[in-house]
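Below: one structure, written as structure tokens.
The values are calculated or read from the model by the stated rules, or taken from the named source; none is laboratory data. Quick caveat, the model's predicted, so the values are computed rather than measured. Using ideal geometry, Cβ is built from the backbone for each residue, glycine included, and neighbour counts are taken over all protein chains shown. The accessibility values were calculated without ligands, DNA or RNA, using every heavy atom of the protein model including side chains. Shrake-Rupley method; radii C 1.70, N 1.55, O 1.52, S 1.80 Å.
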Amino acid sequence: MLRALTLRRSFHSLCQHLHHNHPPFRSLVVPITIETTSSIPTNPFYSARPLSTLASSPSSSSSSDAELRKYLGYAALLLFSGAATYYSFPFSEKAKHKKAQIFRYAPLPEDLHTVSNWSGTHEVQTRVFHQPENLEQLEQVVNDANEKKTRIRPVGSGLSPNGIGLSRIGMVNLALMDKVLEVDKEKKTVRVQAGIRVQELVDGIKEHGLTLQNFASIREQQIGGIIQVGAHGTGARLPPIDEQIIGMKLVTPAKGTIELSKEKNPELFYLARCGLGGLGVVAEVTIQCVEREELVEHTVISNMEEIKKNHKKLLSENKHVKYLYIPYTDAVVVVRCNPVSKWKGPPKFKPKYSTDEALQHVRDLYKECLQKYRVKGATAESPDNNEPEINELSFTELRDKLLALDPLNKDHVIKVNKAEAEFWRKSEGYRVGWSDEILGFDCGGQQWVSETCFPAGTMAKPSMKDLEYVEDLKKLIEKEEVPAPAPIEQRWTACSKSPMSPASSPSVDDIFSWVGIIMYLPTPDARQRKEITEEFFDYRRLSQSQLWDEYSAFEHWAKIEVPKDKEELTALQARLRKRFPVDAYNKARRELDPNRILSNNMLEKLFPESVTI
């Protein structure tokens, strides 16, 4: 109020001064009214009378006086427009502390839920985040959303690098539906609620002597999510994880809850097993398990020449095998896992180096680089006093710290890669444990990753295209001087009968290779993360343009990114139509979810109803 009064009096005084000293000013008609009495309303423009409406004859003043009048009029108009805006649109008390920023949204309401994926690369805010505790509540949530035509995208545990389960409009999460419902030891099957995490499931059935046939690298995924995106482990005789599902209960918007299996509506069953969350909310699944067994893991360092000689044997003679390639080196880490021999037992092996000895040169490199970058005045942050001692850090934590010093400097990345090769050389040896303990892999910290799947022949006759792909990729990295960290991870699976799986094939003998490239996000610094992100997408774009079409490679559904460029998006839609039954998938979506309440922006762009090819 005081500020408004001051503005009014100041302007009134200015007008009086101009009236006495510059009579021609009367010719200015000001379309703003004020109240000059002592009783001033809250709105400064609430009650008013004309300041001046006099029309005078043409002035004979000089041109300088005319210019002065013109600019004083503009100043008065601007002053009062600003005051009107300020007092007509006041900030709430909670928002007054916020700094004004141009082209920013208003402060977010307190009832918004912030949901991000594990790597922090995708994040949304939503007011609608359902967490039903049982099937009946889930059915009610889906039914209500369908009647209101409000989206509730199914979201698992948020591990997908591309945030495929996220939606700003609304989401449904089954984290509270996480029970083991039934175990059949004779048939080796287990029925569970879809919100149960892999590790919880494994822990819940091990007392029955059962476990999953295969595992992805980590154990935090919800079962419903891991099957919907076509996730996989490794082993050329073992299919992706969706192939382990022999029955499921799907809550659909249009047809309610339906039960699917190889016997009940098999066509929809196979389509829905890897349905990307677009056909219904997976509420329960029945999984074909295997007997729990101990595995012996053997890790060795090899090279590409040796790999080529032994590749067919490595695929055929090992239950699980994967290769970890280290860019800018010839090192290939071979990790193979097999059941412990019932006759020989676990191997007797004494490692050459202890874990501390294997890590020491990595610690030394970190200290050396840290000192170097401090001397150079680099932007790397100083170590936090609350951080653990360097000797307490694992290899992946040390690698993150090393990369954070200069993540896009190719020469620095090469140093880190060579240190990694040496670490693996000193870590050669055996490890024995249960399959759910052995088949995991420490992937490191937050990261961008792109993984492609492509055919690699059959078990009896591998095409060797899988090794050619990696050779071409490594040459491309070196030619373009990409600051590519390690590892390039290569795994294999048998085929899947799910038509939307990247490893789908009508031929049961086909095997597929999965190759992942990576860039870590080892720092919370927004600028540095942005630069790494841009570099990663250049890296991915190179791989796409040079390799994907040649090798018939398609990205993992949890790692595919929707292009912003319209032409690139159209090209991607055309590629997907050549590989997957998009029309059948869209038809099923129309029948089961006509209002698209389970969809999100990603699904709508990848699978539009009509595409001009």
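So, in region 231-264, how many residues would count as being among the β-branched types (Val, Ile, Thr) and within 26 Å of the chain's Cα centre (by Cα)?
5
How about region 126-149: which of its residues are within 24 Å of the chain's Cα centre (by Cα) and open to solvent by 50 Å² or more (accessible area, probe 1.4 Å)?
Arg127, Phe129, His130, Gln131
Scanning for something assigned by the TED database to the domain that holds Lys367, within 30 Å of Asp509 (Cβ to Cβ), open to solvent by 30 Å² or more (accessible area, probe 1.4 Å) and more than 25 Å from the chain's Cα centre (by Cα), does region 445-456 turn up at least one residue?
Yes.
Evaluate the following for Val562: is it of a type in the set (A, V, I, L, M), at pLDDT below 95, under 22 Å from Arg237 (Cβ atoms) and surrounded by fewer than 21 Cβ atoms within 10 Å (Cβ to Cβ)?
Considered against the rule, which asks whether it is of a type in the set (A, V, I, L, M), at pLDDT below 95, under 22 Å from Arg237 (Cβ atoms) and surrounded by fewer than 21 Cβ atoms within 10 Å (Cβ to Cβ), Val562 comes out as no.
Can you find a residue in region 158-170 that is out of contact with any Gly (no Cβ under 8 Å at 6 or more places or on another chain) and among the hydroxyl-bearing types (Ser, Thr, Tyr)?
Yes.
Out of all the residues in region 285-333, which are out of contact with any Phe, Trp or Tyr (no Cβ under 9 Å at 6 or more places or on another chain), open to solvent by 20 Å² or more (accessible area, probe 1.4 Å) and either under 28 Å from Ile226 (Cα atoms) or modelled with pLDDT under 95 (or both)?
Once the filter is applied, which keeps residues that are out of contact with any Phe, Trp or Tyr (no Cβ under 9 Å at 6 or more places or on another chain), open to solvent by 20 Å² or more (accessible area, probe 1.4 Å) and either under 28 Å from Ile226 (Cα atoms) or modelled with pLDDT under 95 (or both), region 285-333 yields Thr286, Gln288, Val290, Glu291, Ser316, Glu317, Lys319.
Tell me, yes or no, whether region 267-278 has at least one residue that is in a strand (DSSP E or B) and outside the structural domain of Val340 (by the TED database).
Checked region 267-278: no residue is in a strand (DSSP E or B) and outside the structural domain of Val340 (by the TED database).
Let's see how each residue does on (1) acidic (Asp, Glu); (2) outside the structural domain of Arg399 (by the TED database):
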position: Pro522; (1), (2): no, no
position: Ala526; (1), (2): no, no
position: Glu534; (1), (2): yes, no
position: Leu547; (1), (2): no, no
position: Glu550; (1), (2): yes, no
position: Lys564; (1), (2): no, yes
position: Asn601; (1), (2): no, yes
position: Leu606; (1), (2): no, yes
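Between a residue in region 197-208 that is touching a residue at least 24 places away in the same chain (Cβ under 8 Å) and any residue that is open to solvent by less than 10 Å² (accessible area, probe 1.4 Å) and of a type in the set (Ser, Thr, Tyr), which pairs come within a Cβ distance under 7 Å, given they are 6 or more apart or on different chains?
Here the result reads Val202/Thr211; Ile205/Thr211, each pair linking region 197-208 to a residue that is open to solvent by less than 10 Å² (accessible area, probe 1.4 Å) and of a type in the set (Ser, Thr, Tyr).
Quick check on region 569-588: of everything there that is open to solvent by less than 20 Å² (accessible area, probe 1.4 Å) and hydrophobic (A, V, I, L, M, F, W, C), which residue is nearest to the chain's Cα centre (by Cα)?
Leu576
Can you tell me which of (1) open to solvent by less than 10 Å² (accessible area, probe 1.4 Å); (2) out of contact with any helix residue (DSSP H, G or I) (no Cβ under 9 Å at 6 or more places or on another chain); (3) part of a helix (DSSP H, G or I) is the one Ala421 doesn't meet?
All conditions are met except number (1).
So is Glu392 open to solvent by 100 Å² or more (accessible area, probe 1.4 Å), within 30 Å of Glu480 (Cβ to Cβ), modelled with pLDDT under 95 and of a type outside the set (S, T, N, Q) or not?
no
Restricted to region 354-387, and to residues that are open to solvent by 70 Å² or more (accessible area, probe 1.4 Å) and not in a helix (DSSP H, G or I), which residue is modelled with the highest pLDDT?
My answer is Glu387.
With the condition kept exactly as written, say whether any residue in region 219-227 is surrounded by fewer than 21 Cβ atoms within 10 Å (Cβ to Cβ), in a loop (DSSP other than H, G, I, E, B), touching a Gly at 6+ places or on another chain (Cβ under 8 Å) and outside the structural domain of Asp510 (by the TED database).
Yes: region 219-227 contains one or more residues that are surrounded by fewer than 21 Cβ atoms within 10 Å (Cβ to Cβ), in a loop (DSSP other than H, G, I, E, B), touching a Gly at 6+ places or on another chain (Cβ under 8 Å) and outside the structural domain of Asp510 (by the TED database).
I'd like to verify a number: residues in region 239-272 that are hydroxyl-bearing (Ser, Thr, Tyr) and either open to solvent by less than 30 Å² (accessible area, probe 1.4 Å) or modelled with pLDDT under 95 (or both), how many?
2
Taking region 288-335, which residues are more than 30 Å from Met248 (Cα to Cα), in contact with a Leu (Cβ under 7 Å, 6 or more places away or on another chain) and basic (Lys, Arg)?
Lys308
Among the residues of region 462-480, are any buried (at least 21 other Cβ atoms within 10 Å of the Cβ) and small (Gly, Ala, Ser)?
no
Which ones in region 542-559 are touching an Asp or Glu at 6+ places or on another chain (Cβ under 9 Å) and either open to solvent by 40 Å² or more (accessible area, probe 1.4 Å) or of a type in the set (Phe, Trp, Tyr) (or both)?
Leu542, Gln544, Gln546, Trp548, Glu550, Tyr551
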